[in-house]
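Before I ask anything, let me first share the structure, which is written out below as structure tokens.
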Amino acid sequence: MLRLENIADAIDGATATKVNVMELAAIFFEAKNGKIGANFDITEKSLSTNMNLEDMVARKIKWKTKDEFDGPSIDYSEPDTGFTILEPQRIRVF
């Protein structure tokens, strides 16, 4: 499990940070096992780590409100490159 947190504050003008989770996993694996070149399957989890993020979002209650938001959903990961984006005060778990 890898838990990332951006403790910067958007009020102070902080911006999002790009993190290469594939590279981090490779560095941790090499430091622990002394081997290079392992293959990784990295999946984002809910904050409680008991299910995949996609499953959690699909099961999440969709509250009916007076002011519905029909805007686009935001995806903060770039799966092809291994990078993920951490906005200020965001926690993500892999």
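The values are calculated or read from the model by the stated rules, or taken from the named source; none is laboratory data. The structure displayed is predicted, hence computed values, not measured ones. Heads up, the Cβs are rebuilt from the backbone with ideal geometry, glycines too, and the neighbour counts pull from every protein chain shown.
Going by what's in this entry, would THR43 be described as within 15 Å of THR84 (Cα to Cα), in contact (Cβ under 8 Å) with a residue 60 or more places away in the chain and loosely packed, with under 12 Cβ neighbours inside 10 Å?
Working: within 15 Å of THR84 (Cα to Cα): yes; in contact (Cβ under 8 Å) with a residue 60 or more places away in the chain: no; loosely packed, with under 12 Cβ neighbours inside 10 Å: yes.
Judged against the criteria, THR43 is not a match.
Mind checking which residues of the range 72-86 are part of a loop (DSSP other than H, G, I, E, B), β-branched (Val, Ile, Thr) and modelled with pLDDT of 65 or more? So that I can check it myself, show each step before the final result.
So the first thing to find is which residues in the range 72-86 are part of a loop (DSSP other than H, G, I, E, B), and the list is 72-76, 79-82.
The next check asks that each one be β-branched (Val, Ile, Thr); those that pass are 74, 81.
The answer is THR81, and nothing else.
Another question, then. Which one is surrounded by the most Cβ atoms within 10 Å (Cβ to Cβ), of the residues in the range 21-40 that are assigned to a loop (DSSP other than H, G, I, E, B) and aliphatic (A, V, I, L, M)? Reasoning before the result, please.
In the first step, residues of the range 21-40 are kept if they are assigned to a loop (DSSP other than H, G, I, E, B); the result is 34-40.
Okay, now just the ones that are also aliphatic (A, V, I, L, M), so 36, 38.
Numbers: ILE36: 8, ALA38: 10.
Filtering first and then ranking leaves ALA38.
Take LYS18 and tell me if it is among the basic types (Lys, Arg) and either under 18 Å from ILE85 (Cα atoms) or outside any loop (DSSP other than H, G, I, E, B) (or both).
yes
In addition: Looking at the range 55-71, I want the residues that are modelled with pLDDT of 75 or more and have a partner that is not in a loop (DSSP other than H, G, I, E, B) with Cβ atoms under 9 Å, at least 6 apart or on another chain. Which pairs are those?
MET56/LYS45
Here is a further query. Among the residues of the range 5-19, write down those that are hydrophobic (A, V, I, L, M, F, W, C) and touching an Asp or Glu at 6+ places or on another chain (Cβ under 7 Å). Break it down into steps so the answer makes sense when it comes.
Start the filter on the range 5-19 by keeping residues that are hydrophobic (A, V, I, L, M, F, W, C), which leaves 7-8, 10-11, 14, 16, 19.
Of everything in the range 5-19, just one residue is hydrophobic (A, V, I, L, M, F, W, C) and touching an Asp or Glu at 6+ places or on another chain (Cβ under 7 Å), namely ALA16.
Which residues, taken from the range 1-14, are loosely packed, with under 14 Cβ neighbours inside 10 Å and more than 25 Å from SER48 (Cα to Cα)?
ILE11, ASP12, GLY13
Could I ask something else about it? Taking THR17, is it surrounded by 10 or more Cβ atoms within 10 Å (Cβ to Cβ), of a type outside the set (A, V, I, L, M, F, W, C) and modelled with pLDDT of 80 or more? Give the derivation first.
Values: surrounded by 10 or more Cβ atoms within 10 Å (Cβ to Cβ): yes; of a type outside the set (A, V, I, L, M, F, W, C): yes; modelled with pLDDT of 80 or more: yes.
In short, yes.
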